[in-house]
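Since the structure comes first, as structure tokens, the remarks are kept for the end.
Derivation of every value follows stated rules applied to the coordinates shown; laboratory data play no part. Given the structure is predicted, the values throughout are model-derived calculations rather than measurements. Note that we place each Cβ from the backbone using ideal geometry, even for glycine, and neighbour counts take in every protein chain shown.
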Number of protein chains: 2
Amino acid sequence: MKKIGILGGGQLGRMLLQAAINYPVEMHVLENDPNCPAAGFCQYFSKGDITNYDDVVEFGKNLDAITIEIEQVNTDALNKLEEMGVVVFPKASIITTIKNKIQQKQFFVQHQIPTSPFITTQTNADIAAHPNLLPGVHKLAMGGYDGRGVQVIQSLTDIGKGFPGPAVLEKMVTIKQEISQLIAIDQNGKYTYYPTVDMVFDTSLNMLSYQICPANLPKHVQEQISTIAVKVAKSLNSPGVFAIEFFVNDQDEVLVNEIAPRVHNSGHHTIEASYSSQFDMLLRIILGYPLGSTENRTNAALINLIGASGYNGTPIYRGIEKALNIENVFVHIYGKSNTKPGRKMGHITITDNDIKSLKEKVKEIKNIISVEA
Amino acid sequence: MKKIGILGGGQLGRMLLQAAINYPVEMHVLENDPNCPAAGFCQYFSKGDITNYDDVVEFGKNLDAITIEIEQVNTDALNKLEEMGVVVFPKASIITTIKNKIQQKQFFVQHQIPTSPFITTQTNADIAAHPNLLPGVHKLAMGGYDGRGVQVIQSLTDIGKGFPGPAVLEKMVTIKQEISQLIAIDQNGKYTYYPTVDMVFDTSLNMLSYQICPANLPKHVQEQISTIAVKVAKSLNSPGVFAIEFFVNDQDEVLVNEIAPRVHNSGHHTIEASYSSQFDMLLRIILGYPLGSTENRTNAALINLIGASGYNGTPIYRGIEKALNIENVFVHIYGKSNTKPGRKMGHITITDNDIKSLKEKVKEIKNIISVEA
């Protein structure tokens, strides 16, 4: 029975464990918090720091394979484990490249993957020297996650908001649509794509409002995305599941914003909407099984359940019963012991082939559900 | 967060835990074997005997709800727990009735649920006194499971094979078809049905060959089944998921063979084939959520993975990769540490709306897969 380790014990780990229950595998999780979402559902839980070299090597040395649910892990340890014969999904070198926003941008350039213009910065003076990139988005090279380590610089007067140390300054894109494309690559380099996902933002709150799959895209945009996705799959040259996040700008040009080297929030609907979910797919890849079908069984939308503002503490999920009264609504609670404003506490998937009705249900459910304390 | 306990840690418990990962619940398992299929996937595992009064009361006394994955549990303890305010799914009284084959038969008679003619027996003399029931099937009142405690008595010369002690002698039915009907009843008595399942037997091996859903039934047979299923749902008068196993005889008459007061092998395809699987449904019932949709998303077949004869020990699952190469084939391995001939080690679900192609895939997969050691 293969022994697979996951670095990180959040909701992605939890849902990966859920899928792993189908297979002849032994699952291990490394995470500092013994009350994390994944802790109760693996055969072996190890308390430890995924950013600490010794903890990661100690955790992984007797495993057959390791995967990640967050890219902020100790990649030196992953390199060491690869030398020791542990297979890392995706390759340690790819995680190293992607977790550093400077290296990730350079990877795009190297492989002629279209992305917004950028420079690397060390000090605010570097920003000041490139007014042509303003308004721009300043991103710390390392450690950013879920909006942290990212700062909009509107003009030269904003320069004081810039991060000191290694960072990227990107020219801001006039975003018409944000699209996610999940790809899966097996150990032989064979790859497959899930249908594209439209990430619909609430511009007033500056956060994701909902996701819908498939995305409604003009043919020429869809073609650009498909071409780039193939290029990305070939450039990555590593087995794994990846999410490519695209910007479609006001000229209908497609640019790659970021790649996540792992299962991703934009793929959670695949649990119900696909024959093989992103989690099932990653396990198939790790176990050397054939890739699953990425075909949509049905159209789907997804809403993140975010901790409501003003509430901190033991979560109370309001409205679940009401939401489940609507046909083919699926609830996924992540089992976090505390809610706080903006924290991802769960998600809701809705399946319905009628896009109009899907969007109406999204609206309805957003009014019903809240996470309080 | 509701605390739910499962008595028994086999594959049914394992798949229930898999479904529970979606919900805000804390799952507990009671089972003697710490290496059982469910042990690694619950937040709390208790080692103990599900047939022992003290063990069951101790396990359940601080829980909100208890359910079972096998009916051979200590029902006196469940009665006690109900008195203490723990909600048992299904009711302790129903488990008591069903786990005793004499009481189960009497329940059918009491509620005018058609079943094969029978007598209760204590000694072989009781069999001898009823030659009109031969050929018959002799079943121990208590403790029978998966074929154990069941004996065919062809004629008076076979009487020596009969069981001493409380048992049932049923007249053997000329079986044309064996059909299973899953029903789900919520805490308010509202019920819903899954599509019927045809349990196709291999008469040469006298074991289940495969299951297919929906069953292909003439209208007048389907109508009898539906009528009986409604009657059963009302007679049970308890929340829970139940499997009603029917015989269709050579006269197209429908008789109830047995009721299982729990999730059941004949419902495993619902994980992929239904919007709400039997496991998801049981959790919805326990949590007081609305019943899920029982509609088939697709037709489906199911093959049990049975330990091959001649092999005992650590299981080796042969042919999984090959099977997964066939479109929309899903593997469920139960994680048992040892295989032995005839032991249920896992199952395979195939989804395909074309019944002919479904049956061809069943045949193909049965040739590919085996569980050895």
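Structure above, values below:
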quantity: Gyration tensor verdict on the stretch B:272-373 (Cα atoms; rounded if a/c is under 1.5, prolate if a/b is larger than b/c, oblate otherwise); calculated: oblate
quantity: Ellipsoid equivalent to the stretch B:85-223 - semi-axes via the Cα gyration tensor, in Å; calculated: 28, 22, 14
quantity: Kirkwood-based Rg to Rh ratio, the stretch A:175-372, C-alpha trace; calculated: 0.98
quantity: Alpha-carbon centroid distance for the pair the stretch A:1-56 / the stretch A:163-229, whole angstrom; calculated: 28
quantity: Span-like helix ranges in chain B, DSSP H, alpha carbon extent 18 angstrom or more, Kyte mean at least -0.5; calculated: B:219-236
quantity: Reduced Cα scattering model of chain A, Debye log10 I(q)/I(0), q = 0.13, 0.15 Å⁻¹; calculated: -1.14, -1.51
quantity: Within the stretch B:151-256: Cβ-based charge dipole about Cα centre, in debye rounded to nearest 20 (Lys, Arg +1; Asp, Glu -1); calculated: 300
quantity: Label 7 Å beyond Cα on the Cβ vector: B:LEU156 copy-to-copy distances, nm; calculated: 11.4
quantity: Cα-based equivalent ellipsoid of the stretch B:2-89: semi-axis lengths in Å, sorted from largest, via gyration tensor; calculated: 19, 15, 10
quantity: Net dipole in debye of the stretch A:219-311 [+1 Lys, Arg Cβ; -1 Asp, Glu Cβ; about Cα centre; nearest 20]; calculated: 360
quantity: When each of A:LYS2/A:LYS336; A:LYS80/A:LYS344; A:LYS363/B:LYS2; B:LYS176/B:LYS363; B:LYS161/B:LYS234; B:LYS139/B:LYS361 is checked by Cα-Cα distance, pairs over 30 Å; calculated: A:LYS80/A:LYS344; B:LYS161/B:LYS234; B:LYS139/B:LYS361
quantity: Distances in nm from A:THR227 to the matching label points in the other copies, shortest first (labels 7 Å along Cα to Cβ); calculated: 6.7
quantity: Copies compared at A:ASP250 - label distances in nm, ascending, label defined 7 Å from Cα in the Cβ direction; calculated: 8.2
quantity: Net dipole in debye of the stretch B:117-171 [+1 Lys, Arg Cβ; -1 Asp, Glu Cβ; about Cα centre; nearest 20]; calculated: 40
quantity: Cα-based reach from A:LYS340 at 20 Å (exclusive), listing lysines while leaving out same-chain residues under 8 positions away; calculated: A:LYS366
quantity: Value of Rg to Rh for the protein assembly as shown (Rh from inverse mean 1/r over Cα pairs, i.e. Kirkwood); calculated: 1.01
